[in-house]
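Okay, so here's the structure we're looking at.
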Amino acid sequence: MTEHSSPRRVCLEGHASTVLPEGVGTLVACTSGCVWLTRYGDPRDLILHAGDSFRIDGPGTVVMTAHHGAVLQIFPGQAPLPARRGLAARLTGLLAPRWHSAARRLAGGSMHEC
């Protein structure tokens with residue numbers, strides 16, 4: 001059994017934050033208080049109240065911030081193996097709308113809408 005296989009308890013003071021560098025498959029359970037979860041590259045933000053939980057369903061750094069303090073249980077999960085995608089699927093992913101706006105920002109706004 002590795003050190004990461006058992007749940008860990010995280011206590012956050014009011015307005016304190018903690019980072020979960022890569023948590024695919026990890027279950028975050030809020031046992032008291034209220035915590036805001038945001039993941040780099042994911043437009044969704046989640047607010048967990050006491051009794052709520054969320055399994056991290058994709059890659060990216062997760063930032064957890066308590067409003068007035070919170071106690072969390074972090075249950076490591078098994079990351080799913082990445083599915084092999086064909087060339088067409090990978091190119092389609094690069095052309096998805098979320099990448100278009102990122103590419104425009106990286107280009108300094110020089111790209112124009114068609």
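The numbers here are math on the coordinates, done by the rules we state, and not lab data. Since the model is a prediction, treat every value here as computed from it, not as a measurement. Here the Cβ is made from the backbone with ideal geometry for all residues, glycine too, and neighbour counts use every protein chain on show.
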- Please arrange 35, 28, 71 by counting, for each residue, the other beta carbons lying within 10 Å of its beta carbon, fewest first. 71, 28, 35
- Task: Provide 44, 39 in ascending order of the number of other Cβ atoms located within 10 Å of each residue's Cβ, fewest first.
- Result: 44, 39
- Would you kindly state how much longer the chain becomes between residue 49 and residue 27 on full extension, computed as 0.36 nm times their sequence separation minus their alpha carbon distance, in nm to one decimal? 6.5 nm
- Item | Sparse-neighbourhood loop sites, chymotrypsin sites (Phe, Trp or Tyr not before Pro) in region 23-57 - DSSP loop, at most 13 other Cβ within 10 angstrom | 40
- Message: Based on Cα coordinates alone, diagonalise the gyration tensor for region 8-75, multiply each eigenvalue by 5, take square roots, and list the semi-axes in whole Å, largest first.
- Response: 17, 12, 10
- Per-pair calculated FRET efficiency, R0 = 22 Å: residue 15 and residue 42 via Cβ, rounded to 0.05: 0.50
